[in-house]
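To keep things clear, I will list the structure first and then write my remarks on it.
The values are calculated or read from the model by the stated rules, or taken from the named source; none is laboratory data. Quick caveat: nothing in here was measured; it's all calculated off a predicted structure. Reconstructed Cβ throughout: ideal geometry from the backbone, glycine too, with neighbour counts over all protein chains shown.
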């Protein structure tokens with residue numbers, strides 16, 4: 001459905017452009033000093049959550065281990081995972097200090113939260129003629145996740161002989177953050193499970209406390225692209241990273257007061273993260 005909406009926008013823009021060509025054309029193409037641009041970016045998701053790991057709950061596992069994965073920049077790979085130009089992945093804004101030089105701020109954020117609920121033990125009295133039966137209700141684990149991407153930088157727009165075409169080159173400093181936390185409030189009732197020794201001390205909790213996994217990432221990226229103005233104030237374009245470096249650090253915490261499991265990764269890439277975009281100039 002999104003594909004058809006986007007194609008309809010481009011088609012209607014082309015019709016307006018044709019109408020302008022048949023009459024007077026307002027020579028207002030391209031950015032000028034003091035202009036503000038806002039762009040919708042389409043392509044592969046621009047966040048880093050590769051290797052984000054939340055340790056498992058200990059439960060009754062006497063061999064409980066803290067397992068973690070190294071972080072990796074999964075936003076630069078060129079595969080079929082959400083790699084479609086109709087997938088909106090963020091917004092980019094620019095302010096032109098001169099006709100050529102602009103300051104850039106871009107990014108996206110997503111947050112999810114699921115409140116937890118404790119489990120409710122069940123009851124079955126099978127020794128009576130009319131047995132009482134109350135079903136047990138499983139706990140709902142608490143979950144909290146955040147994905148964040150912010151890019152700041154500058155770009156230089158080049159003039160060409162074509163009045164509608166504006167290539168640009170820039171340098172961006174990206175910041176990535178991903179966090180996920182979980183807590184299982186389940187309490188196993190030893191009396192109901194038949195493991196009680198009469199003291200009532202065999203009740204067990206599944207989790208020690210909130211378990212978390214976090215990733216921090218930052219780097220530097222050369223950005224290149226080209227904008228084509230369909231009309232005054234409206235354009236579409238293409239953008240790519242000819243060279244990019246990203247440092248990512250991850251940590252996994254199995255519970256309150258316990259040490260972190262840490263890891264880091266350095267990623268170098270070339271001609272990755274292609275974006276299609278629709279923009280407006282004010």
- Could you please let me know if residue 198 is at pLDDT below 90, farther than 30 Å from residue 271 by Cβ and surrounded by fewer than 17 Cβ atoms within 10 Å (Cβ to Cβ)? yes
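Within the range 31-57, take every residue that is under 17 Å from residue 148 (Cβ atoms) and not in a loop (DSSP other than H, G, I, E, B) and give me the one that is modelled with the highest pLDDT.
41
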- Query: If residue 81 satisfies every condition in (1) over 22 Å from residue 146 (Cβ atoms); (2) at pLDDT below 50; (3) exposed (fewer than 11 other Cβ atoms within 10 Å of the Cβ) but one, which is the exception?
  - Reply: (1)
- Any idea how many residues of the range 231-242 are within 11 Å of residue 280 (Cβ to Cβ), buried (at least 17 other Cβ atoms within 10 Å of the Cβ) and touching a strand residue (DSSP E or B) at 6+ places or on another chain (Cβ under 9 Å)? 2
- Query: Would you say residue 104 is assigned to a strand (DSSP E or B) and at pLDDT below 80?
  - Reply: no
